Amino acid sequence: MSPDEARPDADRRSDAQRDRAIGAYHVLDHEPRRELTALVDLAAQVAGVPYATINLLTSSLQHQVATAGFVGSSSPVETSMCRTVVDRGEPVMVADASQDERYADSPWTTGEVATVKFYGSHPLRTPDGLVIGTLCVFDDEAQKVTPEAAAGLAQLADRVVDVLELELAGRRLRDANARLAQSNERLAHFAGQVTHDLKNPLTSISLSLEALEMEVTDPYLVDTVARARRGVDRMTEMIAHLLAFASQGSAPGHDEVDLNDEMAAALDDLAGRVDRSCVTVEQLPVVRGDGVQLRSVLMNLVDNAAKFTLLGEQPDIEVVGVELEDRHRVEVRDHGRGVPADKRERVFAPLARLDKSVEGSGLGLATCRRIIEAHGGSIGVDEREGGGSVFWFELPDH
């Protein structure tokens, strides 16, 4: 039976967990990272010794991934002095390891590999509590063990894990951003294809209905054709909104955008649906981003406010800029029907329509959220004092 076969199953499971954790850090097959090298240099100085290393222990090898005072290499895990620390999860610091029964026969103390005497080792523990290796300092001469050296080694061991975790988090974020960008690209392509495939037959249907509308005289048929035309128009508008929703949300530009100018352009675009005299605009901020996308947000929010005006009343909409400490806030205030507290998150979901009596595709607010979040901001809705809603978005001040 091999030594590995003789080991308890729990130990072999720990080895497998450690192998996976170490593999995730991507340090075994790369040059020593500058931050890790700086930490082992500092560890040697704190302990007052010439040598220090970061040892990561896989199931078969001890890997010296950063060293001070010597050139690192890999060696069989069975001969590792630090394996005791990894298995027990407790630090060790001895003045002369050659006189310690745990290490007296180790090739690292007998001269077969080295002649280690002073030896200090502190476990490297991941946030999940798994010990994957050690921060180790040593000397070929015996030295006095001091509390200051032990405390310093413990603090530096924590920083080693911080460096590994920070790099791992950064890599995962880059991977997630890459997948998100790919997903957005696929979504935009899909929506574009769907739009193309649906627009052609809809155009044909619309032209046929238009021709039929000119021929029929029976009131019932006139009404039927008119309803069909309106249905085609709504479907065409929904397809356009679907394409807008899919195509937005990619990384915006970093241009200087005056939201006053974009608001004016948005009101021009809304001229057929929203009376300009019903909209009061106070000073809006200058931000960084994509002017066309942000104009779309302003237009959607104002159009939405106008749609939900109380029956029989004229829209009364205010667009206001609010300067906060580290961000810009824009509020679109109305005196309409308001949004119940338990529905204020749902209104930003794709295809969500809380009031089916109001025409719309349910994609306008969802598109606004995609645009604002792509700009590094946030968007929401609150109750307006006295009735109505305050739709707002905030953008970073940079």
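Some values worked out for this structure:
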read-out	value
V322 long-range amide H proximity, modeled H, under 5 Å	R329, V330, E331
Phi-based couplings in Hz for region 33-47 (Karplus 6.51, -1.76, 1.60; Gly and Pro marked x)	6, 4, 5, 5, 5, 4, 5, 6, 4, 5, 4, 5, 5, 4, 7
Under-5 Å amide H pairs with D290, H placed in peptide plane, nonlocal only	G253
Under 5 Å, built H, 5+ apart or other chain: amide partners of L61	V77
Backbone HN-Hα couplings from phi across region 148-157 [Karplus 6.51/-1.76/1.60, Hz, Gly and Pro as x]	5, 5, 5, 5, x, 5, 4, 5, 5, 4
3J(HN,Hα) from dihedral phi, region 205-220, Karplus parametrisation 6.51/-1.76/1.60, rounded to Hz, x for glycine, proline	5, 4, 5, 5, 5, 4, 5, 5, 4, 6, 9, 7, 10, 5, x, 5
Packing rank of 38-49, 128-139, 322-333, where each peptide gets the mean count of other beta carbons within 10 Å, highest leading	128-139, 38-49, 322-333
Global geometry of region 74-135, whether rounded, prolate or oblate, following the gyration tensor of its Cα atoms and the 1.5 cut on a/c	prolate
Net charge of Cβ neighbours under 10 Å - reference R288; Lys, Arg +1; Asp, Glu -1	-4
Region 111-176 - percent of accessible surface contributed by carbon and sulfur, probe 1.4 Å	54
Cα centroid of region 383-398 to Cα centroid of region 264-303, whole Å	15
Isotropic mean projected area of the C-alpha convex hull, region 95-179 (nm²)	7.4
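The values are calculated or read from the model by the stated rules, or taken from the named source; none is laboratory data. Just so we're clear, the structure is a prediction, and the values are computed from it rather than from any experiment. Note: ideal-geometry Cβ built from the backbone for every residue, glycine included; neighbour counts use all protein chains shown. Calculation scope for accessible area: heavy atoms of the full protein, side chains included, ligands and nucleic acids excluded. Shrake-Rupley method; radii C 1.70, N 1.55, O 1.52, S 1.80 Å.
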